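For reference, the structure discussed in these notes is given below.
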Amino acid sequence: MDQNLYNYLLMLGDNSMILGHRLSELCGHGPSLETDIALTNISLDLFGQVRNIFQYAAKLNDQESSEDSIAFLRNERQHYNCILVEQPNTDFAHVILRQYLFDQFQLLQLNFLLQSKDEQLKAIAAKSIKETKYHIRFSSEWCKRLGQGTEISHNKITTALELLYPFCNEFFETTEVEKEMMERGIGPNLEELRVQYFDNVTTLLNEAGLSIPQTPFRVSGGKHGRHSEHLGYILAEFQYMQKTYPNMQW
Amino acid sequence: MVSTLPNIDPDLIGILEQVSDPEIPVLSVLDLGVIREAVIRDEVVHIKLTPTYTGCPAMDTISVDLKQALQQNNFKSKIELVLSPAWTTDWLSPKGKAKLEAYGIAPPLGEELDKKALMDGERIVKCTHCQSTNTKVISAFGSTACKALFQCLDCLEPFDYFKCLK
Ligand SMILES: [Zn+2]
């Protein structure tokens, strides 16, 4: 098996899966009906993308794993998502900002993957990018609305920004696996994406009337399986059924 | 250049027309444009099915319904999910668009107009109740992944709009 490609797929899929789960927690709890539906729609899209990625990973692994076993039977240290996406739904401002900071990265990443040398990843990206464009429209519009809204909304998104912004650098810390993917023309050059990412983010935040925090970038390690404490709680809920009733079918 | 015209055996059209989208029952899978190939090889029907949205839960149901419909017509079938080329609302048949509107879902406008309606709030989507275009977007995300929620400012009724996906 192409172990590095397999691990790369897990890295891609885990970001969408963990963020998708976080958004699903909001089902029935959104601040208004429209935002509730929008966030859970986005969650559904992210899970759709994960299924495509994990089905492909299972195929690479000669079906020794399945999309379900990949999703439900790995422990914390075997998850490779960035730490940003596991941060909690503290309030609507945190939810929106976390979403925007991820969408902006995902859009650039998928845009590269449209030209990936890996045909299946290319097809998955072509499918996913259409949805991600809707997601970023939603999250960036809301960032502006909160930033330019009332004093309360402005303060809330400022607080969220101070907490979440320092996690963004992790997207671009190239691991050995990502380096190999870049050399094989499968994955992007993350250093190039970094420049574009922070340009775009700065433009949007300025438009929203928010200033870029001066706090240094926070610890990372998610891509190596080292996470914040939040991931354990997410997995405890997410994997509950499969762990309690192994191999259960819905 | 990949052909976007589906390759469908004429003998199968009658059967495929009987299988509908579980969420929009007036649309058959052919109206929806999700069948990219349906051919008979060695007495087995081979179908290539493409999802509308990646997370669309209707796809699993459609797969099962297709198998059943073919079985009732004494066909064995093999259904394969294909992602490329990615589905676009351009593949909704003209008949499908008319059925959508009659069902109460405004059909997708072209890419440019869609953006104007959803992003810039231009009043161009036709109300499915009273035909007025004096309508506004309530939420870009509607009751299913493929729809947005609109409201008519003349008759005041809400209605779904099938978003353009390109
Ligand atoms: Zn009306």
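The values are calculated or read from the model by the stated rules, or taken from the named source; none is laboratory data. Because the structure is a prediction, the values reported are computed rather than measured. All Cβ positions, glycine included, derive from the backbone under ideal geometry; neighbour counts span all protein chains shown. For the accessible areas, the whole protein counts, side chains as well, though only heavy atoms, and no ligand, DNA or RNA atoms are used. Shrake-Rupley method; radii C 1.70, N 1.55, O 1.52, S 1.80 Å.
Restricting attention to the protein assembly as shown, close to 60% of DSSP beta bridges with both partner residues there are antiparallel. Of A:V219, A:V195, A:V95, the residue with the greatest mean-square motion in the GNM of chain A, using alpha carbon springs below 10 Å, is A:V195. Per residue, the accessible area of the protein assembly as shown comes to 46 Å², computed with a 1.4 Å probe over protein heavy atoms only.
Other residues whose C-beta falls under 11 angstrom from the C-beta of B:I8 contribute a net charge of -2, scoring Lys and Arg +1 and Asp and Glu -1. Which residue, chosen from B:C155, B:A69, B:T50, occupies the Cα position most advanced towards the positive end of the dipole of chain B, where the dipole is computed from +1 (Lys, Arg) and -1 (Asp, Glu) charges on Cβ about the Cα centre? Farthest towards the positive end: B:C155. Shown here for the range A:18-83: GluC sites (Glu not before Pro) in loop regions (DSSP other than H, G, I, E, B) with at most 12 other Cβ atoms within 10 Å, namely A:E64.
Kirkwood hydrodynamic radius of the protein assembly as shown from all distinct Cα pairs, in Å? Intermediate values should be presented prior to the final figure.
Values: mean 1/r = 0.0439 Å⁻¹.
For the protein assembly as shown, the Kirkwood estimate is 22.8 Å.
For the range B:2-70, GluC sites (Glu not before Pro) meeting the loop criterion (DSSP other than H, G, I, E, B) and having at most 12 other Cβ atoms within 10 Å: B:E43. Shape class for the range A:139-245, computed from the alpha carbon gyration tensor (a ≥ b ≥ c): oblate, with a/c not under 1.5 and a/b at or below b/c. Using a 4.7 Å Cβ-Cβ cutoff, the cysteines of chain B lacking any partner cysteine are B:C56, B:C146, B:C164. Here B:K78 is the anchor, and the lysines within straight C-alpha reach of less than 26 Å, apart from those fewer than 8 places off in the same chain, are A:K59, A:K122, A:K127, B:K48, B:K67. When the Gaussian network model of chain A links Cα atoms closer than 10 Å, the mean-square fluctuations of A:P88, A:P216, A:P166 top out at A:P216.
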